[in-house]
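The values are calculated or read from the model by the stated rules, or taken from the named source; none is laboratory data. Because the structure is a prediction, the values reported are computed rather than measured. Glycine also receives a Cβ, built like all others from the backbone with ideal geometry; neighbour counts cover every protein chain displayed. Protein only, heavy atoms only, side chains kept; ligands, DNA and RNA dropped before computing areas. Shrake-Rupley method; radii C 1.70, N 1.55, O 1.52, S 1.80 Å.
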Amino acid sequence: MMNSNKYTRGYFMPPVESLKWTQKEYITEAPTWCSVDLRDGNQALIIPMNLEEKLEYFQMLVDIGFKEIEVGFPAASETEFTFLRRLIEDNLIPDDVTIQVLTQAREHIIKRTFEALEGAKDAVVHVYNSTSVAQREQVFRKSKEEIAQIAETGARLLKKYADQTPGNFTFQYSPESFTGTEIDYALEVCNRVIDIWEPTADNKVIINLPATVSMSMPHVYASQVEYMSDNLKRRDHVVLSVHPHNDRGTGVADTELAILAGADRVEGTMFGNGERTGNVDIVTLALNMYSHGVDPKLKFDHIREIIEKHERLTRMRVPERQPYAGELVFTAFSGSHQDAIAKGMKWRELEERAHWTVPYLPIDPLDIGREYEGDIIRINSQSGKGGVAYILEQSYGIDLPMEMRENFGYEVKDVSDKNHKELSPEEIYDIFMEQYVNIEKPIEFIKFAYTQNGEYEVNVTIHFNGEEMVCTGRGNGRFDAISNAIKNEFHVDFSDLTYREHALAIGSSSKAISYVGFRSEEGEVYWGSGIDTDIIESSIKGLFSAVNKMLVNKVHV
């Protein structure tokens, strides 16, 4: 049974107002990114990656452009140790990439960590201990001073073993469970660590503020980060890092506001993999910046390949609605959305604007390797005329007249609704061809001949009820004369004749397509289409298609 009185807020506000970040509108440059997929992400998998899988994942991260990659907790298991040794001994770490390793503040673990790093050119050694009220009271049962001394011991041990090990090492400290720690106390512990490490301009240290468990709204975390940024010792020589988790579903917002508040560096994972609800999703963060015109310094122009590799190696699935990466995130089924997107794409094509402003699409799907056909507009019973027309034009070069789109849209929706399914572009094309194009029953057009003496007179040869026959008509033009021939022979009437044609630009450039519509004497609107190598014959076939639809409907009625 739910009882809200069981809970209270477990975070701590800074001792002074810390709201300068609210004066900033947006992020102006990408932070330093550190992938923790091979540690935080891997430890959260039902089946952790094996050695070869981790090597492949590492290479993927390098290809994406990560310059800092946490490769594990080498003292925690033989697999982690072996993986790090393989990276170093096989020279798999590019010169512009720095690996990061994690260690507890315990001497035998730190010693083993540096043994694993032997031969590494550059590495971040990340030491942590938990500082929150809950951890101090329930887990460690230690005072604030005792917890601070653990951090200081870890800091001194990092210096000791770094001095004994060849290589270029950067130190990092995290007050784990920072979000549940009194902020002035977290600052005190971090400054005591900084005093031991004595960073300089050429030898900076990293102070990492993890939202190990997200406990507040994003603005609170931002104020906590700002207070720390303003009050850390030797701030110019400190890289301020954040490591948000997504317990409250606000990992991305926490991180973005933390960057406004002074964070220089972000630790996260691909697609938000990680313990419980996961770490912050670096893909979303990076592409959010990209959508504001900021270069994220990471390459996601082949997102489908990245997703395939991530899912195969982690055995985790990227959800359909995952921002930017999900299968359906650029997809519109709604008719009004489809219409707006189709018009926006056409407007962009005609206007040739520098900046992307298409409705409902925050970025151009092509930029990350997605496709317009099949990715943006997909058709089901909720779809409208704009989306259906867009599919035909993009996939088959069939540009329906505006007046015809509603008519065809209802045909497509009817098929989708009756079959309870999404329709592929091929199925939409088949509906169009079967229901509108070159319809030959009950009247099949064979040929025509004409004479002109002021007005046109035509003889139209048709096939009807198993017999070939000739219809005669007069008019101001060939098309008008043929229309009158049909009216005379079959005793029907129609008006408001509409006609348009164009070359078929996709698949068959030598053919023309015509669209013919009219209003019957009962007030019903009918449309037909004709395709032929001859533009005149394509228009005649379009007229006969519309007439045949009308005649069939009259019989059914």
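Here are the numbers for the structure shown:
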item	result
Residue 331 open to solvent by less than 70 Å² (accessible area, probe 1.4 Å) and at pLDDT below 85	yes
Index of the failed condition, residue 502 passing every other in (1) modelled with pLDDT under 95; (2) in contact with a Ser or Thr (Cβ under 6 Å, 6 or more places away or on another chain); (3) open to solvent by less than 40 Å² (accessible area, probe 1.4 Å)	(2)
Number of the condition not met by residue 274 [criteria: (1) in a loop (DSSP other than H, G, I, E, B); (2) at pLDDT 95 or above]	(2)
Selection status of residue 159, at pLDDT 95 or above, part of a loop (DSSP other than H, G, I, E, B) and basic (Lys, Arg)	no
Check on residue 220, farther than 17 Å from residue 124 by Cβ, outside any strand (DSSP E or B), open to solvent by less than 10 Å² (accessible area, probe 1.4 Å) and out of contact with any helix residue (DSSP H, G or I) (no Cβ under 8 Å at 6 or more places or on another chain)	yes
Considering residues of the range 1-18 that are polar (S, T, N, Q) and part of a loop (DSSP other than H, G, I, E, B) only, the residue least open to solvent (accessible area, probe 1.4 Å)	18
Where a residue in the range 64-81 is open to solvent by 10 Å² or more (accessible area, probe 1.4 Å) and its partner, wherever it lies, is aromatic (Phe, Trp, Tyr) and assigned to a strand (DSSP E or B), with Cβ under 9 Å and at least six apart	65/33; 67/33; 68/33
Close pairs (6 angstrom Cβ cut-off, 6 or more residues apart or separate chains): surrounded by 13 or more Cβ atoms within 10 Å (Cβ to Cβ) in the range 185-203, aliphatic (A, V, I, L, M) and assigned to a strand (DSSP E or B) anywhere	190/207; 197/205; 199/205
Sole residue being outside any helix (DSSP H, G or I) and farther than 22 Å from residue 266 by Cβ, chosen from 175, 166	166
Any hit, the range 133-151, residues being out of contact with any Ser or Thr (no Cβ under 9 Å at 6 or more places or on another chain), open to solvent by less than 30 Å² (accessible area, probe 1.4 Å) and either among the hydrophobic types (A, V, I, L, M, F, W, C) or in a strand (DSSP E or B) (or both)	no
Filter result (in a loop (DSSP other than H, G, I, E, B) and either in contact (Cβ under 8 Å) with a residue 40 or more places away in the chain or open to solvent by 40 Å² or more (accessible area, probe 1.4 Å) (or both)) within the range 229-265	232, 233, 234, 246, 247, 248, 249, 261, 262, 263, 264
Selected residue (criterion: farthest from residue 344 (Cα to Cα)) from residues of the range 381-406 that are out of contact with any helix residue (DSSP H, G or I) (no Cβ under 8 Å at 6 or more places or on another chain) and open to solvent by less than 40 Å² (accessible area, probe 1.4 Å)	404
Number of positions in the range 425-439 that are open to solvent by 40 Å² or more (accessible area, probe 1.4 Å) and not aromatic (Phe, Trp, Tyr)	7
Residue count, the range 87-106 (criterion: open to solvent by 80 Å² or more (accessible area, probe 1.4 Å) and in a helix (DSSP H, G or I))	1
